[in-house]
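A.B. asks: Quick one: the structure is below, questions incoming.
Quick note: the coordinates plus some simple rules give every number you see, no bench work behind them. Please read these numbers as outputs of a predicted model, since none were measured by experiment. All Cβ positions, glycine included, derive from the backbone under ideal geometry; neighbour counts span all protein chains shown.
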Amino acid sequence: MKLNLKIWRQKNAKQAGRFETYQVDANEHMSFLEMLDVLNEGLTSKQQEPVAFEHDCREGICGTCSLVINGQPHGPQSGTTTCQLHMRHFHEGETIVIEPYRAKAFPVIKDLVVDRSSFDRIIQAGGYISVDTGAAPDGNDILIGKEVAAMSFDAAACIGCGACVAACPNASAMLFVSAKVSHLALLPQGQPESKRRAMNMVHQMDEEGFGMCSNVTACEAECPKGISVENIARLNREYIGASFTSAK
Amino acid sequence: MELNGKIPPGDIAEKWTKYKSSMPLVSPDNKRRLDVIVVGSGLAGASAAASLGELGYNVKCFTFHDSPRRAHSIAAQGGINAAKNYKNDGDSVYRLFYDTIKGGDYRAREANVHRLAEVSVDIIDQCVAQGVPFAREYGGTLDNRSFGGTQVQRTFYARGQTGQQLLIGAYQSLSRQISLGRVQMFNRHEMLDVVLVEGKARGIITRNLVTGKIERHAAHAVVLGTGGYGNVFYLSTNAMMCNVTAAWRAVRRGALMANPCYTQIHPTCIPQYGDYQSKLTLMSESLRNDGRVWAPRKKEDAEAIRQGRKKGADIPEADRYYYLEERYPAFGNLVPRDIASRAAKVVCDEGLGIVPTGLGVYLDFADAIQKYGKSKANTMNLENPSAQQIWDLGKAVVEEKYGNLFEMYEKITGEDPYRNPMKIYPAVHYTMGGLWVDYNLETNIPGLFATGECNFSDHGANRLGASALMQGLADGYFVLPYTIGTFLSKEIRTPKFSTDLPEFAEAEKAVRDRLHGFMTTNGKQSAESFHRRLGKIMWEYCGMARTAEGLAKARRMIQDLKAEFYADLYVPGSADEFNPELEKATRVADFIELGELMCLDALKRSESCGGHFREEFQEDGEALRDDEHFMYVAAWGWQDTSQEPELHKEPLIYENIKVASRSYK
């Protein structure tokens, strides 16, 4: 299948970017990133600079790949990362627009590559349980019901890709933050520091320049891992509760 | 060179405990004065960096990813083994130790493996405390399932995303140490050389992947937790950026590479489908708990399926060849990976493959859906449930267990694996070989340690499923934080190292010259295209079946490829910017040298064992070991690649396990 690609090219964070148009000959069994590999191999063979994009596991789990494809983070197929998206979802002659995530807290590094280290700093602000190696009781001393473990897992399945931020008109990181707060707050091990965690992570999120949540819920619709906005409700409850009762 | 494994004396069950209580310690005050570099932030790197930070060392941790959470450990699916015996099915530390040695085809060190089995139980506790949401029973206790090569249920899991959850646990602990200022994190930094001062590892040279800046970092000791080298085959289940460069740079500075030919080919991956393909996708071994592996018994059926005239479901039960169940009744579908892979190759070589390339067999869940559906209907007191009701109930159970894997399969192939059996074929997955280390996880270069897949120590010639996560975390949480003290306790009077030392200048210059060389070759071919060609050579001659003739030929082909690489490489852009093509070039250059060494190692090991299958050495299609001549670790030195690699042998001594021919029948 012949495709037209309109791809965002930007030398680095300081220079302005622009769209460039390319033609590529793809095949319906290819993954979207394999289609970009073919484009890049062609550009390299003509001694032109390939399009920089991020990717690693190509199994939808590492969270490295990103891209806004025809206006949607990770493209048109729901519950799917860009690396798992296959060309059978596109048609002959289609024009595909490929952009980087656009958010103040995710500055462009080059072309389609953005800096998402703000997410790391939010986790560093409190997205953990404070336990040193060696200080753990037996795993079965902490009983956790099957359903609770499953709910915690559902929140912990977040891959930190940033699609929620790219989807949000306010570039809010509430879904990401709430997934981590929920993962840990749902477990008994996470209880002792749950208030501090919610307060500190929300504070860091604001510091990083992410926007406020206005309940658009585009984040949930675009999340490749199906993280629910119920987590945002839980974060709000944790945060408000902490604001009233925390000593801080 | 005399290879000293430094195995402590005494009874195997007490070695580690006694050694731990008698090893030299570093006081808290002295720890604060000692710097440690950890390269890699996967399970083995992040757990080590976090634990060393907690102990009070000054840690610098490096990853080439944009975040430590992206490391490839995240993709591990099925689970992590531990000898907890929560199932009351007769498991014990000894049994896990025994299974691992046997699974490795008697080519691993007894003392290391026993220690691994001992600390396995602590890993689960630690991960639970960190908030890892392992699967639970209704009563709230931890759930287990089975993996290959064992007859007990000792695998802990978090759906099909166990690696992700364990890595996030380690990442969170690491993040906590970063926030406390105990660990300084360097994202998007790739290690391109290790720096030796007076023979000891004292630092590294890195490239900042965003700016291209070459940096020097000094420390009292260096830990490599940089993963395996399966990507030497180009197509593997490894992530695209997995590479051997950190380990290989250490080899070029004098570290030894042990058993490089031991490669794990995983039996259940989605088959190859096109020349443009960039990677292969694993379908977790846990699926073999419920999935039955088969191929048609008749060649004409297989051919009809390949041509699309028949489907798997059209083949009557009597014409299905459940070859694992028939050939290995004691373990059935849960034989170890090397055996399941080889069996798949044998049936496909006989013309029974079911995909157009001929290289594929079925992994079928129809029986599991029936079994679970009937059980569920029974639990729900349904009288005379319809076939559809049973199917729906059974499907729901299978979905709960493996939902994300089935979804992944559907996305890639466009086929519904609940209704049609999965199509699978073996693919490169893991490398048992790696940097040679002693009992302290220290390489032959003093002060240079290696943890996780990056070292060779625990899996012999074949790794059992759910043991990679166990080893990575054992090394990082519970072994290295102790054993690094044996080296650092002698360094408490050593002042901090300056990066102005001539050794740093020399290493930096070597890195700059190398990158400059790649940038200015100005040939015609991309690093990617060389990588694909290398992968084809490796898969054909050093893959699932190897021969002396093929390996010798492959070595010559790789030498030619290397010459062509240095004459005709083209790297676009410049070295002082974000340049993924330059990164690839440095990695492919190292893969080429490693590939040659793998072929040599495979050639010199004139026996079959575990994942290393030499066609000349077999008995009834099973690997035929030669214990008399090859019961040793082959540790290769190759500092100067203009010379022949140098082989050092560490004999393997079995005092606790009777070495026998491996049988799963």
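A.B. asks: Counting pairs of alpha carbon atoms under 8 Å apart in space and at least six apart in sequence, what relative contact order in percent does chain B give? Can you show the working numbers first?
C.D. replies: On the way: 1455 pairs, mean separation 136.9, N = 665.
Contact order relative to length: 21 percent.
A.B. asks: Related question: For B:SER489 and B:LEU180, what is the calculated FRET efficiency with R₀ set at 22 Å and r taken between the beta-carbons, to the nearest 0.05? Walk me through the intermediate numbers first.
C.D. replies: On the way: r = 24 Å, r/R0 = 1.09.
For B:SER489 and B:LEU180, the calculated efficiency is 0.40.
A.B. asks: Can you pull the Kirkwood radius for chain A, inverse mean 1/r over Cα pairs, to one decimal in Å? Working shown, then result.
C.D. replies: Numbers: mean 1/r = 0.0513 Å⁻¹.
Its Kirkwood hydrodynamic radius stands at 19.5 Å.
A.B. asks: While we're on this one: Quick one: 3J(HN,Hα) in Hz for segment B:63-75, Karplus 6.51/-1.76/1.60 with θ = phi - 60°, rounded, Gly and Pro as x.
C.D. replies: 9, 7, 6, 7, 8, x, 6, 8, 3, 5, 3, 4, 8
A.B. asks: How tilted is helix B:502-520 with respect to the longest principal axis of chain B? Cα atoms for both, answer in degrees (0 to 90, nearest 10).
C.D. replies: Here the helix axis deviates by roughly 50 degrees.
A.B. asks: Shifting gears a bit: For segment B:607-621, just list the computed ³J(HN,Hα) in residue order, Karplus coefficients 6.51, -1.76 and 1.60, θ = phi - 60°, integers in Hz, with x standing in for Gly and Pro.
C.D. replies: 7, 10, 7, x, x, 9, 10, 9, 4, 5, 10, 8, 9, 6, x
A.B. asks: A follow-up question, please. What does the convex hull of the alpha-carbon atoms of segment B:1-150 project to on average, in nm²? Don't skip to the end; give the middle numbers.
C.D. replies: On the way: hull surface 49.9 nm².
The orientation-averaged projected area of the Cα hull of segment B:1-150 comes to 12.5 nm².
A.B. asks: Could I ask something else about it? Fewest first, what order do A:SER243, B:SER41 take by the number of other Cβ atoms within 10 Å? Mind dumping the intermediate values first?
C.D. replies: Details: A:SER243 13, B:SER41 33.
Sorted ascending by nearby Cβ count, the order is A:SER243, B:SER41.
A.B. asks: May I ask which residue of A:SER130, A:ALA218, A:MET151 lies farthest towards the positive end of the charge dipole of segment A:116-245, with charges of +1 (Lys, Arg) and -1 (Asp, Glu) on Cβ and the Cα centre as origin?
C.D. replies: Working it through, the farthest residue towards the positive pole turns out to be A:ALA218.
A.B. asks: Can you list the lysines whose alpha carbon sits under 23 Å from that of B:LYS490, skipping same-chain ones fewer than 8 residues off?
C.D. replies: Cross-link targets: B:LYS6, B:LYS15, B:LYS18, B:LYS20, B:LYS31, B:LYS60, B:LYS200.
A.B. asks: Quick one: compute a quarter of the convex hull surface over the Cα atoms of segment B:515-632 and quote it in nm².
C.D. replies: Numbers: hull surface 32.8 nm².
With every direction weighted equally, the projected area is 8.2 nm².
A.B. asks: What is the order of B:TYR323, B:TYR654, fewest Cβ neighbours within 10 Å to most? Could you put the intermediate results ahead of the total?
C.D. replies: Values: B:TYR323 21, B:TYR654 13.
Listing B:TYR323, B:TYR654 from fewest to most nearby Cβ atoms yields B:TYR654, B:TYR323.
A.B. asks: So, one more: To the nearest 10 degrees, how steeply does helix B:387-413 sit against the main Cα axis of chain B, on a 0 to 90 scale?
C.D. replies: Long axis of B:387-413 versus the principal axis of chain B: about 30 degrees.
A.B. asks: Next question. How far is helix B:110-130 tilted, in degrees, relative to the longest principal axis of the Cα atoms in chain B, given as a value from 0 to 90 rounded to the nearest 10?
C.D. replies: Between helix and principal axis, roughly 80 degrees.
A.B. asks: Now, a different point. Report, in deg cm²/dmol and to the nearest 500, the calculated mean residue ellipticity at 222 nm for the protein assembly as shown, where each DSSP H run with n ≥ 4 adds -39500 (n - 2.57) and the sum is divided by the residue count. Don't jump to the answer; show the numbers that get you there.
C.D. replies: Numbers: 27 runs with 335 residues, N = 913.
Dividing the helical sum by the residues of the protein assembly as shown leaves -11500 deg cm²/dmol.
A.B. asks: Here's another thing I want to ask about it. Shape of segment A:116-245 from its Cα gyration tensor (a ≥ b ≥ c, root eigenvalues): rounded if a/c is under 1.5, otherwise prolate when a/b > b/c, or oblate?
C.D. replies: Values: a/c = 1.80, a/b = 1.50, b/c = 1.20.
Prolate, because a/c is 1.5 or more and a/b exceeds b/c.
A.B. asks: Where a Cα-Cα gap under 21 Å defines reach, which lysines qualify for B:LYS665, not counting those fewer than 8 residues away within the same chain?
C.D. replies: B:LYS102, B:LYS345
A.B. asks: Based on the alpha-carbon set only, what is the convex hull volume of segment B:266-428 divided per residue, in Å³?
C.D. replies: On the way: hull volume 19.7 nm³, N = 163.
Cα convex hull per residue, to the nearest whole number: 121 Å³.
A.B. asks: For chain B, restrict the atom set to alpha-carbon positions and state the Rg and Dmax in Å.
C.D. replies: Over chain B's Cα set, Rg and Dmax evaluate to 24.6, 83 Å.
A.B. asks: Starting from the Cα-Cα distance between B:GLU540 and B:LYS649, subtract it from 0.36 nm times their residue separation and give me the gain in nm to one decimal. Could the numbers behind the result be given before it?
C.D. replies: Numbers: separation 109, 0.36 × 109 = 39.24 nm, distance 2.76 nm.
Stretched fully, the B:GLU540-B:LYS649 segment lengthens by 36.5 nm.
A.B. asks: Additional query: Restricting to the protein assembly as shown, compute how many DSSP beta bridges are antiparallel as a %, nearest 5.
C.D. replies: Values: 60 of 84 bridges.
Around 70 percent antiparallel, to the nearest 5.
A.B. asks: If you don't mind, another one. Quick check on chain A: of the DSSP beta bridges with both residues there, what percent are antiparallel, nearest 5%? Walk me through the numbers on the way to the answer.
C.D. replies: Details: 15 of 20 bridges.
Here the share of antiparallel DSSP bridges comes out near 75 percent.
A.B. asks: Quick one, can you get me the convex hull of the C-alpha atoms of segment A:2-110 expressed as volume per residue in Å³? All intermediate terms of the calculation are to be shown ahead of the outcome.
C.D. replies: Working: hull volume 11.5 nm³, N = 109.
Cα-based convex hull of segment A:2-110, divided per residue, equals 105 Å³.
A.B. asks: For segment B:657-665, take each phi angle, set θ = phi - 60°, evaluate the Karplus expression 6.51 cos²θ - 1.76 cosθ + 1.60, and give the result in whole Hz per residue in order, putting x for glycine and proline.
C.D. replies: Karplus-based 3J(HN,Hα) across segment B:657-665 equals 10, 6, 6, 9, 6, 6, 10, 10, 7 Hz.
A.B. asks: Measuring from a point 7 Å past the Cα of B:LYS18 along Cα-to-C-beta, which residues in segment B:107-122 have an amide N at less than 16 Å?
C.D. replies: Within reach of a label on B:LYS18: B:111-112, B:114-115.
A.B. asks: Can you give the FRET efficiency to the nearest 0.05 for B:ASP620 and B:ASP349, using r as the Cβ-Cβ distance and R₀ = 22 Å?
C.D. replies: Once the sixth-power term is evaluated, E becomes 0.90.
A.B. asks: Kindly state, as a whole number, the per residue volume in cubic angstrom of the convex hull around the alpha carbon atoms of segment B:389-472. Can you show the working numbers first?
C.D. replies: Values: hull volume 11.2 nm³, N = 84.
So the per-residue hull volume is 134 Å³.
A.B. asks: If contacts are Cα pairs under 8 angstrom and at least 6 residues apart, what is the relative contact order of chain A in percent?
C.D. replies: Values: 440 pairs, mean separation 48.5, N = 248.
That works out to 20 percent.
A.B. asks: Roughly how large, in nm² to one decimal, is the mean projection of the convex hull of the alpha-carbon atoms in segment B:360-406? Working shown, then result.
C.D. replies: Details: hull surface 14.3 nm².
About 3.6 nm², averaged over all directions.
A.B. asks: Can you list the lysines whose alpha carbon sits under 18 Å from that of A:LYS6, skipping same-chain ones fewer than 8 residues off?
C.D. replies: Partners found: A:LYS110.
A.B. asks: Using only the Cα atoms of segment B:413-531, build the gyration tensor, take square roots of its eigenvalues as a ≥ b ≥ c, and label the shape rounded, prolate or oblate: rounded if a/c is under 1.5, else prolate if a/b is larger than b/c, else oblate. Mind dumping the intermediate values first?
C.D. replies: Working: a/c = 3.27, a/b = 1.26, b/c = 2.58.
Verdict is oblate for segment B:413-531.
A.B. asks: What is segment A:2-110's relative contact order, in percent, from Cα pairs under 8 angstrom and six or more apart in sequence?
C.D. replies: 35 percent
A.B. asks: Next question, about the same structure. Taking +1 at the Cβ of each Lys and Arg and -1 at the Cβ of each Asp and Glu, which of A:LEU85, A:VAL113, A:ALA13 sits farthest along the dipole of segment A:1-135 towards its positive end, judged by Cα position relative to the Cα centre?
C.D. replies: Farthest towards the positive end: A:ALA13.
A.B. asks: Post the alpha-carbon centroid distance, segment B:257-334 to segment A:2-59, in whole angstrom.
C.D. replies: 35 Å
A.B. asks: Between B:LYS553 and A:GLN23, what is the label-to-label distance in nm when each label sits 7 Å out along the Cα-to-Cβ direction?
C.D. replies: 4.1 nm
A.B. asks: Moving on. In whole Å, how far is the Cα centre of segment B:377-439 from that of segment A:111-130?
C.D. replies: 33 Å
A.B. asks: For a quick check: sort B:SER236, B:SER120 by the number of other beta carbons within 10 angstrom, fewest at the front.
C.D. replies: Ordered by Cβ neighbours within 10 Å, fewest first: B:SER120, B:SER236.
A.B. asks: Over the Cα atoms of the protein assembly as shown, what radius of gyration and what Dmax do you get, in Å?
C.D. replies: My reading of the Cα-based Rg and Dmax gives 26.2, 83 Å.
A.B. asks: Sum up the charges of everything whose Cβ sits under 12 Å from the Cβ of B:CYS348, counting Lys and Arg as +1 and Asp and Glu as -1, but leave B:CYS348 out.
C.D. replies: Numbers: positive: B:LYS299, B:ARG306, B:ARG342, B:LYS345, B:LYS423; negative: B:ASP349, B:GLU350.
Result for the local shell: +3.
A.B. asks: Using 15 Å as the cut-off for backbone N distance, which residues of segment B:565-597 belong to the label zone defined by a point 7 Å from the Cα of A:LYS14 along Cα→Cβ?
C.D. replies: B:576-578
A.B. asks: A further question follows. How many angstrom separate the Cα center of segment B:201-231 from the Cα center of segment B:558-593?
C.D. replies: Distance between centres, Cα-based: 18 Å.
A.B. asks: Sticking with this one: Any idea what % of Cα-Cα pairs in segment B:135-226 are farther than 15 Å? Let's see the in-between values first.
C.D. replies: Numbers: 3126 of 4186 pairs.
When every Cα pair of segment B:135-226 is considered, 75 percent fall beyond 15 Å.
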